[in-house]
Amino acid sequence: MKKQFIISLFLLFATVLFSQENVTGKITFDNNQPLKTANIYWQNTQIGAVSDDQGNFTIPFAAENSVLVISYVGFKTITQTIEKPGNFNFKMEFDTSLDEVTLTKLRSSLQRNLRSTANVQTMTAKELTKAACCNLSESFETNPSIDVNFSDAVSGTRQIRMLGLTNPYITMTEENILALRGGSQYSGLSYIPGPWAHSIQITKGAGSVINGYESISGQINYEFLKPDEEPTLFINVFGAMGGRYELNTHYHTILNEHWATGVLVHGNFRNEKNDMNKDGFLDNPLMRQINVMNQWKYGICGKKGISAEFKWRFFIDEKQSGQVEFDPSIPRPSNPFWGSEINTRQFLASAKVGYVFPDMDYQSIGFQNQFTDYRQDGYYGNRDYFVRHQSWYSNLLFASIISNTLHKFTTGASFQWDRFEELYQFNDFSRTDIGAGAFFEYSYSNNDDLSYTLGGRADYNNRLGAFLTPRAHIRFQPAEQTTLRASIGRGKRLANVFMENQNLFASNRTFVLPTLPQGDNGFYNLDPEIAWNYGLSFLQKFKIIGKDAEIGLDVYRTDFQNQVVVDLDASAQQVNFYNLNGKSFANSLQLDFNITPTTHLEWRNSYKFYDVRTTNSIGLEQRVLQPRHRFFTNLAYETRTKDNGKQWKFDATYNWLGKQRMPVSTGNPLDSQWNTMAPAFFTLNAQVTKVFSSNFEIYVGGENMNNYRQPNAIIAATDPFGDFFDSSMIYGPVFGAMYYAGLRWRIN
């Protein structure tokens, strides 16, 4: 209550704003590419600014000292006398006096900014091409901050975890608009084609209050390619073992000085039945998908005033899995083989409109809107499940400064409407959720050694009532290459027990709720989940024998005040859902060591320790299927780029996972029980890319090249309609080694 009282006072704090004359402009480099996070300051003063993602900046005019300094590591520093306010553009040049390693490190495909207040890591488009990355659920194989696991042995769905917690506790945003919630949360990342992504930002710990109140373990924001920044035509062809084929085609064009548009089309299918482990079940589902997106962007000329982005996208996805001999044309009651079909489709439309005040670049208004209609209809053996989730989201933002650009704030209001039609077997769990809230976020940065962000929001939801959400981030830089960060925040959310646990449908466990809700009066008769997240982060950059290196340490703890417990230990034939009665927490530690040992070679290493425990029917236990120890190493080498763009690229990733606790299975017959602990194992992925020119390249690679396969992945596979059948006890790969090849072709 004390924390909520403090944040309430903070939200009531009245600020007095006044405008003043400013110097504005844009920082670019190389081919007029925007340079973000460049430092701009008046010489011999503490008045400064940092360029944004588009390279734009605003700084109050300092009449007493007219020498403006622009600096960025790896570039020559610019100093220029500015005698009056106005708009000035600066192009940075590489500092050729620096060694080549520094320049290579500057362009790293996985970036952490020393000056960012929050603990944010950015994956660029270059990073996303280091692995197969057919969709975003497969895009984190080379990133140590995100853990990727298969959810079951049937559906082929991959689930991600951050800080030891699964998808539902991570807020997903699509170009900074809330996304992949509710119905689409479980498998939504697999419906976002990897080649569509421009970058991914990963924020550990409490996210920004601007994006809502649900974030608990972190936030992942993915940005799509921009129609005014991409080549006219892009073609990507991909093929893999097991009969998987994909095609991506992008067309972008600039219509005039104001408008640009793009059409992106993705298609994939798998038509071969594979049973590498000879258990009678498909290792991967048969599938086909078509995915289309159309983007429109207004304001591409870079002038101040109104800018806007509009898009719509639509996909259809069909999957068939189960026993190899399953024939979906045979009616299920008389079908002797176990099978599953899941048909999914979604339509999404969004609009972002912004206005930057011409004489005050630091002041802007933004309005975000998004409508989503997601429908999933399917069955798993004799278990039926249908969900349709329609949602409308609006977010109005106003950003400005208090006195000068050292003190910034963003305030606004948001609205969320969600309508769920959900049918599980013969039970109707349909409901409508409506919520609205207001937020205020204050940021301070002296552009040197200290910055912090204090945020709070007040919300009302017809399910959650009225509540407050406080969050805070702080960064302290005691030395030029040393950064310390801390964060704290509260998150609150409604658990969707069926949508979030669809992997358990691929078993014959009985779902047990406290009571079944009647009509529209509850959400499974379970209380909201509430948690506090605390984090500390340390980043030190240095040189070893003249080579760039860095050490990072992240320590986070999530404490649940209430959690919907998913209890697999009470019975091997049941999954029990109930409110937490005791402790539940997730402790995580990640230690990183990265170095550039030679020119063009980057080596990343990461060790992670997890202590994730929840009180369930047998006590305070480690989370099932969660390794306590993980080790990751990645080597990336690129040859020198020749004048015509020719180049070789090599990438290899080693992932080691320690032992994992398995649920209690003593209630099953001996031949349907499993070990109490899953063994440790490792996987090895690699890729080689041959770049023939800046417009054409081919690549070949492999995943799980050491060919590790989980033995006995499906329990009671010979009796799939019996009480003991379970394909959800998955801790490792099922398919074994997978090799692939592809090409990328760009036409300007």
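Given (1) 36.5; (2) 30.8; (3) 56.6 as candidate values of mean projected area of the Cα convex hull in nm², which corresponds to the one derived from the coordinates?
(2)
Please compare each pair in LYS226/LYS304; LYS130/LYS352; LYS126/LYS646; LYS126/LYS649 to a cut-off of 22 Å on the Cα-Cα distance and tell me which ones are over it.
LYS130/LYS352
In the stretch 276-313, which chymotrypsin sites (Phe, Trp or Tyr not before Pro) fall in coil by DSSP and have 10 or fewer other Cβ atoms within 10 Å?
none
Placing unit charges on C-beta atoms (Lys and Arg positive, Asp and Glu negative, everything else neutral), compute the dipole magnitude of the chain about its Cα centre in debye, rounded to 20.
Here the chain has a charge dipole of around 920 debye.
Measure nothing but the geometry: give the 0 to 90° angle between the long axis through the Cα atoms of 2-11 and the longest principal axis through the Cα atoms of the chain, rounded to 10°.
Result, in degrees: 50.
What does the charge count around ILE254 come to, taking other residues whose C-beta lies under 13 Å from its C-beta (Lys +1, Arg +1, Asp -1, Glu -1)?
Local charge sum for ILE254: -2.
Counting other beta carbons within 10 Å of each Cβ, put TRP42, TRP745 in order, fewest first.
Details: TRP42 22, TRP745 17.
With the sparsest Cβ surroundings first, the list reads TRP745, TRP42.
Can you sort GLU141, GLU272 from fewest to most other Cβ atoms within 10 Å of each residue's own Cβ?
The most exposed by this proxy come first: GLU272, GLU141.
Over the alpha-carbon set of the stretch 123-261, divide Rg by the Kirkwood Rh and report the Rg/Rh ratio to two decimals.
With Rh from the inverse mean 1/r over Cα pairs, Rg/Rh is 0.99.
Sorting VAL664, VAL265 on the 10 Å Cβ count, fewest up front, what's the list?
The order, fewest Cβ neighbours first, is VAL265, VAL664.
Can you tell me the FRET efficiency between LYS659 and THR232 if r is taken as the Cβ-Cβ distance and R0 is 56 Å, rounded to the nearest 0.05?
Calculated value: 0.60.
What nm distance separates the two modelled labels at ILE254 and THR432, each placed 7 Å from Cα along Cα→Cβ?
4.7 nm
What is the distance in Å between the Cα centres of the stretch 174-238 and the stretch 412-474?
18 Å
Express in nm, to one decimal, how much length is gained between SER693 and PHE538 on full extension, taking 0.36 nm for each residue of separation and deducting their alpha carbon distance.
51.8 nm is the gain from fully extending SER693 to PHE538.
Taking the Cα-to-Cβ direction at THR482 and at GLN561 and moving 7 Å from each Cα, how far apart do the two end points lie in nm?
Result for the modelled spin labels: 3.6 nm.
Zone of GLN425 (label point 7 Å along Cα→Cβ, backbone N under 13 Å): which residues in the stretch 535-574?
574
Residue by residue, what Karplus-based ³J(HN,Hα) values in Hz, rounded to whole numbers, does the stretch 289-297 have, using 6.51, -1.76 and 1.60 with θ = phi - 60° and x for Gly and Pro?
Result, rounded to whole Hz: 8, 10, 9, 10, 9, 10, 10, 9, 10.
Using θ = phi - 60° and the Karplus relation 6.51 cos²θ - 1.76 cosθ + 1.60, list the HN-Hα couplings for the stretch 733-741 in order, rounded to whole Hz, with x at every Gly or Pro.
x, 10, 6, x, 5, 9, 10, 8, 8
Within a Cβ distance under 9 Å of ALA549, other residues only, what is the Lys/Arg minus Asp/Glu net charge?
+1
Around TYR222, what is the net charge, scoring Lys/Arg as +1 and Asp/Glu as -1 over all other residues with Cβ under 10 Å from its Cβ?
Computed value for this residue: -3.
Express in whole angstrom the spacing between the alpha-carbon centres of the stretch 257-304 and the stretch 339-381.
Spelled out, the Cα-based centre of one part sits 16 Å from the other.
By a straight-distance test (C-alpha under 13 Å), which aspartates and glutamates pair with LYS36 as possible cross-link partners, with residues fewer than eight away in the same chain excluded?
Reachable aspartates and glutamates: ASP52, ASP53.
Where a number appears in this text, it was derived from the coordinates with a stated rule and is not lab data. Given the structure is predicted, the values throughout are model-derived calculations rather than measurements. Reconstructed Cβ throughout: ideal geometry from the backbone, glycine too, with neighbour counts over all protein chains shown.
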